[in-house]
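Written out below as structure tokens is the structure these notes cover.
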Amino acid sequence: MRNFKIMVIVIFLILLMGGCHAANITPFKESSLELTSREEEEQQQSSDHLVVWTHQNIFENSLPRYKEKYPNIQVDIVTEKPQNLVEKYRKSLISGVTPDLYVIPDDVLGEFSGITGFENLNEKPYYDKAFFASRPKGLLNNYIDSEDKMYAMPLLFFPYVTYYRADILEENGYPSDPYHLSIFLNNRDNWMKLAEDLQVKQQYIIESEQMMLEMILRTSSFLDENYDYVGKHEAFQTITNAATDVVDKGLSPHLNIWHEQGQTAINNDQLVMFQMASYVKDSLKVWAPDQAGKWGNYDIALSFIRC
């Protein structure tokens, strides 16, 4: 079997105690705690036993296919609450009782940047050309350090797109075809004109000015591949200036599509455009079933946010 597990080097914490004596203390080596730790460690290091710790079970759909291919491998998916994840993961590295795979939310990945002991995934036996080729190069580069080492890789990634009510744009004389609309909104003045025209009817093309700033951070980086700061480049200046204008002109409804108020605004034809990951198209069917067929979307990379 091809070994693709991410093995973590066991870190032993040696406590040196001198100058004291307690006869009623059971040495760790003789305690049930040590036996439990040893059993867990042996189980997790077994070549036919794969242990995965994750904050969300994203393997439900793919696991059956994996088991068909590797029927002799026992797979244990251990789900941990997000609020406890960082503490548990880091403590496991100290104790040496670690899983084969850690699944870590991207927003807390920095909590593990200064920790050694992880395997370099950018070399054999972990490196797989076909797998890496299926990921955008720009995405993978964010996880490769200056020494060409990779200690984590993205498992799931979704392109961010602009969702819009095609019917409402048509009614107001604006392009509704994804390509033509993306070209039109590639101009900041056009984007502002659309926002102002619809705001008169209490319709909005953004959730909030904060989401405008958050979106550029989700789709861009302050550093390029050479670690040069690009935050002062035109793309960043365009979006920050636009966010300021949105506040000054009252073009923000201060909504969040994940909250009830945001979903109500969608149903009431008030929030008619927003940027979010591609999987939200399925959520729209649940939030606003009566609007089926009325929503269009296009790659956010074509909007002025990224030009």
Which listed residue, of 118, 132, is touching a residue at least 40 places away in the same chain (Cβ under 8 Å), out of contact with any Asp or Glu (no Cβ under 9 Å at 6 or more places or on another chain) and open to solvent by less than 70 Å² (accessible area, probe 1.4 Å):
118
Counted residues in the range 95-112 being under 17 Å from the mean Cα position of the chain (by Cα), open to solvent by less than 50 Å² (accessible area, probe 1.4 Å) and not hydrophobic (A, V, I, L, M, F, W, C) come to 2
Could you run through the range 168-202 and say how many residues are surrounded by fewer than 16 Cβ atoms within 10 Å (Cβ to Cβ) and part of a helix (DSSP H, G or I)?
9
Inside the range 144-186, can you point out the residues that are closer than 24 Å to residue 292 by Cβ and either among the polar types (S, T, N, Q) or in contact with a His (Cβ under 6 Å, 6 or more places away or on another chain) (or both)?
162, 172, 176, 182
When residues of the range 132-167 are filtered for being part of a loop (DSSP other than H, G, I, E, B) and of a type in the set (A, V, I, L, M), how many remain?
4
Within the range 262-283, which residues are more than 20 Å from the chain's Cα centre (by Cα) and open to solvent by less than 30 Å² (accessible area, probe 1.4 Å)?
262, 265, 266, 271, 272, 273
How about the range 260-290: which of its residues are modelled with pLDDT of 90 or more and aliphatic (A, V, I, L, M)?
265, 266, 271, 272, 273, 284, 286, 288
Flagged in the range 93-115 as among the aliphatic types (A, V, I, L, M) and in contact (Cβ under 8 Å) with a residue 24 or more places away in the chain, in numbering order, are 93, 94, 97, 101, 103, 104, 109, 115
Restricting attention to the range 245-261, and to residues there that are touching a residue at least 24 places away in the same chain (Cβ under 8 Å) and out of contact with any strand residue (DSSP E or B) (no Cβ under 8 Å at 6 or more places or on another chain), which single residue is surrounded by the most Cβ atoms within 10 Å (Cβ to Cβ)?
246
Being over 28 Å from the mean Cα position of the chain (by Cα), within 27 Å of residue 151 (Cβ to Cβ) and modelled with pLDDT of 50 or more narrows 92, 62, 47 down to just 47
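The values are calculated or read from the model by the stated rules, or taken from the named source; none is laboratory data. Source: prediction; values computed, not measured. Counting neighbours? That spans all protein chains shown, and the Cβs are built from the backbone with ideal geometry, glycine included. Side chains included, ligands, DNA and RNA excluded: accessible areas come from the protein's heavy atoms. Shrake-Rupley method; radii C 1.70, N 1.55, O 1.52, S 1.80 Å.
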